[in-house]
Amino acid sequence: GDYDPRFSNEDMGVFRNPKTKEINITMRGSRSLTKVFSNETAKKDWIRNFRNMFLEEKGTPEYKNYADRIKTIQEQFPDSKIKLSGFSKGGGLAISLAEDLGLESKTFNPHINRNVYRNNGLSIIIIY
């Protein structure tokens with residue numbers, strides 16, 4: 001699909017194929033751990049990562065922001081099939097959001113708290 005800058009930002013890429021009516025939304029992983037001490041955004045990523053080892057991500061403002069943005073895309077393109085994907089932190093977000101929004105997800109080495117994960121039957125998790 002074509003990159004859609006209207007819905008994309010540095011954390012979430014949206015790729016839309018008008019012919020097939022498929023929309024692929026991918027969420028990025030954490031910023032480099034080596035930048036934790038020099039980059040405020042990287043520090044926040046890793047604080048969330050450690051928090052999510054023990055707690056659920058779903059109550060966080062970041063999670064709500066992603067969910068709201070995906071719901072806006074669903075409203076704009078109601079006939080489209082939306083799939084989520086991500087790696088590491090982005091994979092964990094993709095799985096949780098797919099569960100809540102009834103979407104498909106494909107993730108690679110997702111960072112997710114396995115104690116709170118529920119499979120909706122639509123998620124594919126690839127761990128290597």
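Each reported figure results from applying straightforward, stated rules to the coordinates on display, with no laboratory input. These figures come from a predicted structure and were not determined experimentally. Neighbour counts are summed over all protein chains in view; Cβ atoms, including those assigned to glycine, are modelled from backbone coordinates with ideal geometry.
Calculate the FRET efficiency for Ser38 and Arg6 from the Cβ-Cβ distance with a Förster distance of 25 Å, rounded to the nearest 0.05.
Working: r = 32 Å, r/R0 = 1.27.
So, using R0 = 25 Å, E works out to roughly 0.20.
Report, in listed order, any pair from Lys19/Lys43; Lys19/Lys106; Lys58/Lys83; Lys44/Lys81; Lys58/Lys81 with a Cα-Cα distance greater than 29 Å. Can you show the working numbers first?
Working: Lys19/Lys43 40 Å; Lys19/Lys106 22 Å; Lys58/Lys83 19 Å; Lys44/Lys81 32 Å; Lys58/Lys81 23 Å.
Listed pairs above 29 Å: Lys19/Lys43; Lys44/Lys81.
When peptides 79-85, 1-7 are ranked by their average number of other Cβ atoms within 10 Å per residue, the highest-first order is 79-85, 1-7.
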